[in-house]
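A short write-up of the structure that comes next.
Any read-out appearing in this document is the output of simple, stated calculations on the displayed coordinates, not a laboratory observation. Bear in mind the structure is a predicted one, so any value in this text is a computation, not a measurement. Positions of Cβ are backbone-derived with ideal geometry, glycine not excepted, and every protein chain shown enters the neighbour counts.
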Amino acid sequence: MKLRRNTLRPLRFDPTGAMLPIYGFNAEQMSELLPKLGGIRDAMMTTELEMLAGNLPIPAEMEPLDAGFVMMPDRLLSEYESNRQGSELGRLFKRATHLHRIVDRVVVLGIGGSYKGARAILESCCQPYWNELSRGDRGSKPRMNFEGNNFDNDASQALLYLLGAHKNQPATSELERWALVVISKSGETLETAIAFRQFLAALESSTGGDREKLVELLVLVTGLGGKLHLMAEELGVTEFYPVPGGVGGPCSILSAVGLVPAAMLGVNVVELLQGASAMTQHFRTAKPDDNIVLRYVAANHLLEKHRGIHIRVMSVWSNALESFGLWYDQLAAESLGKHLLGFTPLTTLNSRDLHSRHQQGKRDKVFNNIIVDENRFDSLAIGARNADADSLNEIAEKTLPEVMNAAIEGTNQALRDDGRPSTNLFIPLVDELHMGQLFQMMMLATVVEGRLLEINPYGQPGAETYKNNRNRLLGRK
């Protein structure tokens, strides 16, 4: 993998828009809370990791303890550096490179953390409209589609049709050939299991019943001993990528769960992990007053505690970050929505959603803006015309980034004037290095807040009830 050797710049967090005299919090309250958060940070980086390593017993109230995500980027990078070919990343890159040569599309089956993270990586780290680009413009990397995250009949049928399943004949070229990536720790999640059965039949048809070709085009990310693992063994699949122990679904994005699809797309996985590692190092060593993770948690927690703000709007100002916001929605809701605690996360994409979710209502929301400093492409000017029916000639020389900046500043000013708290989180550039920082920051922040609330941020007990009810209604044992 060729490293672009981008320069990593730190994320920046500005909570001053939430420091409002009546409806927000003040600097003294934040200063009082930060030392406590620092203690939680220290316990995470010492006691909890020692428990996870088996050096200390894990109390029953802390089970599950899925803190393995914290040091996973460092572990994967270290293993890759010492064993380029035999490490997990080395094997992953080799498989991805092989598939780049022989397929033009990859279908990823997964749900929740096994799907949203991969989609967030695609939309933030690949060129916009990736799937619509020609194979040449994609550098011979495949298109990517996602299924197995719903029971939507028409969506599944439409994707199967796109894959040529209705032709019921073998693919004859790389433009027709496709690969199937299945991500499921146990293989028992019904949405993904059903999709696997259906898309496996289509893949068998596209390979003409050739079992060797089928295995070549089937990539599995799963845990050992589960139903998916057993089914794969029946098919003759011998190479797997692990869903690591000690890593919960929402925090699995920087494991094989997210990295396998990323490598298939040609995303620079090394830089993604380097960004995450840099955020972990900052989290571990920075003083609480300068720690972006702890300050982000403090600002949002203080608004909830003192102002009753239970809705957090992740207000992203780039199309490339919308799926990141949806990934975070699940991370926050699944990790913190327990025991009648937690908040409601909500992602908005601006300026698209300014006319809907930014309308004035109850003062029960904080707007956490994510603002991109630098665009990937050259700035696009509005442009002048001889006819000026739209009255835009007076700003014809302005560029879209200038218009966006005016929209951000104007929106924040309107929120402040109306007593509605907001914060700004700045990401220097939407690329692998900086998205790695952002993913890791939000996972660390979520765990810190869970410990602050004295709830276990790992596990999802609430999901079992609806699954049991659904299985009963389907007549399953």
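Descriptive notes on the structure:
- Sites matching trypsin sites (Lys or Arg not before Pro) across the stretch 1-103 that sit in DSSP coil, with at most 13 neighbouring C-beta atoms within 10 Å: K2, R4, R5, R84
- In a DSSP loop and with at most 14 other Cβ atoms within 10 Å, the trypsin sites (Lys or Arg not before Pro) in the stretch 121-187 are R135.
- Summarising the overall dimensions of the stretch 309-377 from its C-alpha atoms, the Rg and Dmax are 13.0, 46 angstrom.
- Summing Lys and Arg as +1 and Asp and Glu as -1 over all other residues whose Cβ lies under 10 Å from the Cβ of L265 gives a net charge of +3.
- Cα extents for the stretch 321-429 along the principal axes, largest to smallest and rounded to whole angstrom: 63, 31, 20.
- For the stretch 250-322 and the stretch 80-102, distance of Cα centres in Å: 26
- CD proxy at 222 nm, helix term only [per DSSP H run n ≥ 4: -39500 (n - 2.57); per residue of the chain; nearest 500]: -13500 deg cm²/dmol
- If you model the stretch 103-243 as an ellipsoid using its alpha carbon gyration tensor, with each semi-axis the square root of five times an eigenvalue, the axes come out at 22, 19, 15 Å, biggest first.
- When only Cα pairs below 8 angstrom with a gap of at least 6 residues are kept, the stretch 103-243 shows a relative contact order of 28 percent.
- Long pairs among K167/K213; K185/K227; K338/K362; K305/K365, criterion Cα-Cα beyond 21 Å: K338/K362
- Relative contact order for the stretch 91-166, counting Cα pairs under 8 Å that sit 6 or more residues apart, in percent: 42
- Sum of side-chain charges, E454 neighbourhood, beta-carbon under 14 Å (Lys, Arg +1; Asp, Glu -1): +2
- For the stretch 413-458, applying the loop criterion from DSSP together with a ceiling of 12 other beta carbons within 10 Å to the GluC sites (Glu not before Pro) yields E454.
- Among residues other than G308 with Cβ under 12 Å from its Cβ, the summed charge is +3 (Lys and Arg +1, Asp and Glu -1).
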